[in-house]
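One structure, pasted below without further comment.
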Amino acid sequence: FDFEYTVACLGAGYVGGPTMAMVALKCPEVKVIVADINEKQISAWNSDKLPMYVFYEPGLEEVVKACRGRNLFFTADCDKAVIEADMIFVSVNTPTKKYGAGAGKAADLKNWELAARHISRVANGDKIVVEKSTLPVRTAHSMSRVLHANDRKLHFEVLSNPEFLAEGTAMKDLAKPDRVLIGGNNKEKAGKNAIDRLVWIYEHWVPKERILTTNLWSSELSKLVANAFLAQRVSSINSISALCEQTGADIDEVAKSIGMDQRIGNRFLQASVGFGGSCFQKDILNLVYICESIGLKEVAEYWQQVVSMNDWQKCRFAQRMVKSMFNTVADKRIAMLGFAFKKDTGDTRETAAVYVAKHLLDERAKIAIYDPRVSEAQIKMDFDYYEALPKDEKFSSRIDICKDAYGACKGSHAICVMTEWDEFKDLNYQKIYDSMAKPAFIFDGRYDFVLVVGFFYCLNLVFFLDRNILNLEGLKKIGFEVYGIGKPMPESLKMDET
Ligand code: UDX
């Protein structure tokens, strides 16, 4: 088959894989090659059944199956991909730097620079290079210099095309994006042509008015700012959740009341144990670092507070558990329902669960974890990475990984809900209660969850009552001591305040 155009993507991860699968689906005349140096990752993409612990993304498998071998190819041969492609997306990870200047804040651009050097070395003609990874503003400038640091007289036009998809809804977000952002050197002909080429790809399925073209720096910065604003909303509502618990106000009612103001809007106002994921914290810290580097101290401090509030929320949640359980959790079994940073993903990066676990382990608790999508090996890796286990403690002596929620809850003193998995809504809480030590506590770090349990009780009792009151009443009726983020604190728990 003669393809009209060829695009490649270096990096077959959470962003590169699904994005390229969508391009392949919507642009049958475009050949799409996804390349990665990690052969294991590539063979996973090429396997009959995508290993769900790597890519649990609703709808992804269907799209990959429809396109793979037709116009979508996964390969570990990065040289060939670069040579064949007219346009190369770079979607390698840019984690927070762990060493040297900017450690703990700046983005580590090592992988990006390596990819740029690779393209520059093996390219056989002019290429359009597209930044898909989230990068600090003005990275395109450095990348252009790296790409052109050869004497081969090739031209590389750099574009910025940040990805706004969220995990768990990636395919939906890709199919119907709020907007597609394309930044390029729109003052010069080569830049304009490159922008037009990328616009042409997206126009296959995205309405023209949703495709936004800007200069390079606006595009790079917008990605960081979008994540910073979203995270800021979560931190803002979380800060108010603490106030609600102490004053008798209800976060559900407050969020609804303010969200009905169209200027505020109702999305991203769900209080939680804290935001996680690979982007929010990393991107804000990156923004903070950039501001500090150019002397904007006040701006840096402003955004730093969004991350500090999130840290405080995770810590506050864990402390609440300890306080409520008579100020000691030593040797108590605590069931942790959910470990992923949100539902419908197996991703655990920056998950609040590991921070809460660390706090509880410092208090000598034993933790029984159940998550429908996160493997034991992954949880072990996370405990190592985040140094969550107290020194000299063995994973197996403190952590019990369970096959289902009932197993995790059995014999436990408390349940903490860390991820809002749908299956937790349908559990038989009477059965769970009966199997637990008494008093039995539930600490809900996920606002969704409590609401729906409440709703089920509403059905059971046939009475129409206010959902929130009923939810607490429903679980209480069974006998649980219930704590919900941002819900008025029950007197029995307040009494344990120190
Ligand atoms: C985010 C952005 O949404 C996406 O545009 C960007 O491309 C990558 O980062 P993602 O990390 O996949 O996506 O998840 P998202 O759904 O945004 O949630 C992030 C975290 O915030 C999760 O831990 C989630 O539970 C939490 N959250 C979200 C809340 O606590 N309350 C909310 O109201 C919304």
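If I ask for residues that are within 13 Å of the ligand (Cβ to nearest atom), over 23 Å from Val354 (Cα atoms) and touching a Lys or Arg at 6+ places or on another chain (Cβ under 9 Å), which ones from segment 236-253 would you list? Give the steps one after another, and end with the answer.
Within segment 236-253, the first condition is being within 13 Å of the ligand (Cβ to nearest atom), and the residues that meet it are 236-241, 251-252.
Filter once more, keeping what is over 23 Å from Val354 (Cα atoms): 240, 251-252.
If the condition is that a residue be within 13 Å of the ligand (Cβ to nearest atom), over 23 Å from Val354 (Cα atoms) and touching a Lys or Arg at 6+ places or on another chain (Cβ under 9 Å), then Ile251, Asp252 are the ones that fit.
Something else now. So Lys256 fits all but one of (1) away from the ligand (no atom under 12 Å from the Cβ); (2) open to solvent by 30 Å² or more (accessible area, probe 1.4 Å); (3) within 26 Å of Gly100 (Cβ to Cβ); what number is the exception?
For Lys256, the exception is condition (3).
I need every pair where a residue in segment 260-273 that is within 11 Å of Arg233 (Cβ to Cβ) and of a type in the set (A, V, I, L, M, F, W, C) has its Cβ under 6 Å from the Cβ of a residue that is near the ligand (Cβ under 10 Å from one of its atoms) and open to solvent by 50 Å² or more (accessible area, probe 1.4 Å), sequence separation at least 6 or different chains.
As it stands, the answer is Phe268/Leu230; Phe268/Arg233, since those pairs meet every condition given.
Name the residues in segment 348-363 that are assigned to a loop (DSSP other than H, G, I, E, B) and either away from the ligand (no atom under 13 Å from the Cβ) or surrounded by fewer than 24 Cβ atoms within 10 Å (Cβ to Cβ) (or both), would you? Reasoning before the result, please.
As a first pass, look at segment 348-363 and keep what is assigned to a loop (DSSP other than H, G, I, E, B): 348-351, 363.
Residues satisfying the conditions are Arg349, Glu350, Glu363.
Output the number of the condition that Asn38 fails; it satisfies all remaining conditions of (1) surrounded by fewer than 22 Cβ atoms within 10 Å (Cβ to Cβ); (2) closer than 22 Å to Glu62 by Cβ.
(2)
Another question, if that's okay. If we only count helices (runs of 4 or more DSSP H) wholly inside segment 202-321, which ones have 3 or more residues that are more than 28 Å from Pro490 (Cα to Cα)? Reasoning before the result, please.
Working: elements: 216-247, 251-259, 280-293.
Fully inside segment 202-321 and qualifying: 216-247, 280-293.
Residue check, Thr169 against (1) over 14 Å from Ile128 (Cα atoms); (2) surrounded by 19 or more Cβ atoms within 10 Å (Cβ to Cβ), all met but one. Which one?
(2)
Please pick out the residue among Val299, Val329, Val322 that is farther than 25 Å from Glu376 by Cβ and open to solvent by less than 30 Å² (accessible area, probe 1.4 Å).
Exactly one of Val299, Val329, Val322 is farther than 25 Å from Glu376 by Cβ and open to solvent by less than 30 Å² (accessible area, probe 1.4 Å), namely Val322.
In segment 408-423, which residues are out of contact with any helix residue (DSSP H, G or I) (no Cβ under 6 Å at 6 or more places or on another chain) and open to solvent by less than 30 Å² (accessible area, probe 1.4 Å)?
Quick first cut of segment 408-423, residues out of contact with any helix residue (DSSP H, G or I) (no Cβ under 6 Å at 6 or more places or on another chain) only: 408, 411-414, 416, 419, 421-423.
Answer for segment 408-423, where residues must be out of contact with any helix residue (DSSP H, G or I) (no Cβ under 6 Å at 6 or more places or on another chain) and open to solvent by less than 30 Å² (accessible area, probe 1.4 Å): Ala408, Ser412, Ala414, Cys416, Thr419, Trp421.
Related question: May I ask you to list the residues in segment 278-333 that are in contact with a Phe, Trp or Tyr (Cβ under 9 Å, 6 or more places away or on another chain) and over 29 Å from Asn93 (Cβ atoms)?
Once the filter is applied, which keeps residues that are in contact with a Phe, Trp or Tyr (Cβ under 9 Å, 6 or more places away or on another chain) and over 29 Å from Asn93 (Cβ atoms), segment 278-333 yields Arg320, Met321, Ser324, Met325.
Report yes if some residue within segment 2-24 is buried (at least 18 other Cβ atoms within 10 Å of the Cβ) and charged (D, E, K, R); otherwise report no.
No; the residues of segment 2-24 include none that is buried (at least 18 other Cβ atoms within 10 Å of the Cβ) and charged (D, E, K, R).
Return yes when Thr247 is farther than 21 Å from Gly17 by Cα and under 27 Å from the mean Cα position of the chain (by Cα) and no when it is not.
On the way: farther than 21 Å from Gly17 by Cα: yes; under 27 Å from the mean Cα position of the chain (by Cα): no.
Taking the combined requirement at face value, the residue does not satisfy it.
Just a yes or no: is a residue in segment 125-141 under 21 Å from Gly277 (Cα atoms), over 19 Å from the mean Cα position of the chain (by Cα), within 16 Å of the ligand (Cβ to nearest atom) and crowded, with 20+ Cβ neighbours inside 10 Å?
Yes, segment 125-141 has at least one match.
If you scan segment 364-407, which residues turn out to be open to solvent by 40 Å² or more (accessible area, probe 1.4 Å) and of a type in the set (Gly, Ala, Ser)?
Ser375, Ala377, Ser396, Ser397
Looking only at segment 159-173, filter to residues that are outside any loop (DSSP other than H, G, I, E, B) and more than 20 Å from Phe341 (Cβ to Cβ); which one of those is farthest from the ligand (Cβ to nearest atom)? Let's see the steps before the verdict.
From segment 159-173, those outside any loop (DSSP other than H, G, I, E, B) are 159-160, 170-173; that's our starting set.
Filter again for more than 20 Å from Phe341 (Cβ to Cβ), leaving 159-160.
On the way: Leu159: 18, Ser160: 14 Å.
Per the criteria, the residue is Leu159.
How about segment 380-400: which of its residues are in a helix (DSSP H, G or I) and within 16 Å of the ligand (Cβ to nearest atom)? Can you show your working first?
Quick first cut of segment 380-400, residues in a helix (DSSP H, G or I) only: 380-385, 395-398.
Hit for segment 380-400 is Asp382, nothing else.
Counting only residues that are modelled with pLDDT under 85, give me the helices (runs of 4 or more DSSP H) lying completely in segment 401-498 with at least 2 of them. Step through it out loud before you land on a result.
Details: elements: 405-409, 429-435, 447-461, 467-478, 491-494.
In segment 401-498, 447-461, 467-478, 491-494 are the helices (runs of 4 or more DSSP H) which contain 2 or more residues that are modelled with pLDDT under 85.
Right, something else. Do we have Arg233 as closer than 19 Å to Ser278 by Cα, open to solvent by 20 Å² or more (accessible area, probe 1.4 Å) and not hydrophobic (A, V, I, L, M, F, W, C) here?
Numbers: closer than 19 Å to Ser278 by Cα: yes; open to solvent by 20 Å² or more (accessible area, probe 1.4 Å): yes; not hydrophobic (A, V, I, L, M, F, W, C): yes.
Answer is yes for this residue.
Ile334 passes all but one of (1) within 26 Å of Glu57 (Cα to Cα); (2) outside any helix (DSSP H, G or I); which number fails?
Failing condition for Ile334: (1).
For Ile83, state whether it is over 30 Å from Ala228 (Cβ atoms), open to solvent by 30 Å² or more (accessible area, probe 1.4 Å) and under 24 Å from the mean Cα position of the chain (by Cα). Break it down stepwise before answering.
On the way: over 30 Å from Ala228 (Cβ atoms): yes; open to solvent by 30 Å² or more (accessible area, probe 1.4 Å): yes; under 24 Å from the mean Cα position of the chain (by Cα): no.
Taking the combined requirement at face value, the residue does not satisfy it.
Right, another one. I'm trying to understand the selection: among the residues of segment 186-229, which are surrounded by fewer than 18 Cβ atoms within 10 Å (Cβ to Cβ), among the aliphatic types (A, V, I, L, M) and more than 12 Å from Asn161 (Cα to Cα)?
Ala190, Val225, listed by residue number.
The values are calculated or read from the model by the stated rules, or taken from the named source; none is laboratory data. Note that the coordinates shown come from a computational prediction; the quantities given were computed from them, not determined experimentally. So basically every Cβ, Gly included, is an ideal-geometry build from the backbone, and we count neighbours across all protein chains shown. Side chains included, ligands, DNA and RNA excluded: accessible areas come from the protein's heavy atoms. Shrake-Rupley method; radii C 1.70, N 1.55, O 1.52, S 1.80 Å.
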